[in-house]
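Reading through the structure tokens given below for one structure.
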Amino acid sequence: SQQGEEDPQALSIQEGENATMNCSYKTSINNLQWYRQNSGRGLVHLILIRSNEREKHSGRLRVTLDTSKKSSSLLITASRAADTASYFCATDGGRDDKIIFGKGTRLHILP
Amino acid sequence: GAGVSQTPSNKVTEKGKYVELRCDPISGHTALYWYRQSLGQGPEFLIYFQGTGAADDSGLPNDRFFAVRPEGSVSTLKIQRTERGDSAVYLCASSFEAGTGTLEQYFGPGTRLTVT
């Protein structure tokens, strides 16, 4: 079963705009991670946020975590064509070390 | 440095046959994970190794699926009596020793399995 659930399922925006994706999960966690998957390629780790952190930045990426609402958001600023990909949140379930992925948000950057 | 490698990249097999999928993790990574991913879905957890032992195999769908990691490095996912529903991309990932909470995982390119 999948713990995380991303929203929206698909998102199309103009190049240069900001893209926001959300993730909700069900059980307590130690960490939440975001991954990117380009079409036909492997998953690439983007950022990890721990349960005691509320916000984290990495380049054009900003991740927030609200453990009271069991939700996280990924913001990509000043989007580029190369950002076109599927984005997945992954949570560790709190008590063990396996991580569970959501179904992903398919982001399409329009030229 | 070398990343996670998986072989073969593509495998086509007939229903009922046996297949083995191989994963070579990053050197020094003690944790190794297997996932499978169907089209339009996120990766689905299958099994995770810490060293040589399977720490969690709760994601294996049935007893046709089995995985080993005899020396704590290379792992092989074995599927017996394959069914068409087994068709998917099988992903392998590795990470440094998982402690409290899971660390960043490095994924291989996957093996695309097609059962005809």
Original post:
Do any GluC sites (Glu not before Pro) in region A:2-70 lie in a DSSP loop with no more than 16 other beta carbon atoms within 10 Å, and if so, which?
Top reply: A:15, A:17, A:53
**OP:** Tell me the GluC sites (Glu not before Pro) within region B:12-90 that lie in a loop according to DSSP and have at most 16 other beta-carbon atoms within 10 Å.
**Re:** B:14, B:71, B:83
Original post:
Using θ = phi - 60° and the Karplus curve 6.51 cos²θ - 1.76 cosθ + 1.60, what whole-Hz ³J(HN,Hα) does each residue of region A:21-29 get, with Gly and Pro shown as x?
Top reply: 10, 10, 9, 10, 9, 10, 10, 5, 10
Original post:
Which one of B:69, B:36, B:84 has the biggest mean-square fluctuation once chain B is modelled by GNM with Cα springs under 10 Å?
Top reply: B:84
Original post:
Can you run phi through the Karplus equation (6.51, -1.76, 1.60; θ = phi - 60°) for region A:78-89 and list ³J(HN,Hα) in whole Hz, with x for Gly and Pro?
Top reply: 6, 4, 10, 4, 5, 7, 4, 4, 9, 10, 10, 9
Original post:
Can you put A:57, B:29, A:45, A:108 in order of accessible area, largest first, using a 1.4 Å probe?
Top reply: A:57, A:108, A:45, B:29
Original post:
Summing Lys, Arg as +1 and Asp, Glu as -1, what charge do residues with Cβ under 12 Å from the Cβ of residue A:105 carry, residue A:105 excluded?
Top reply: -1
**OP:** For chain B, with a Gaussian network of springs between Cα atoms less than 10 Å apart, report the residue from B:38, B:87, B:73 with the top mean-square fluctuation.
**Re:** B:38
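The values are calculated or read from the model by the stated rules, or taken from the named source; none is laboratory data. Since we're looking at a predicted model, the values are computed, not measured. Virtual Cβ from ideal backbone geometry, glycine too; neighbours counted across all protein chains shown. Side chains included, ligands, DNA and RNA excluded: accessible areas come from the protein's heavy atoms. Shrake-Rupley method; radii C 1.70, N 1.55, O 1.52, S 1.80 Å.
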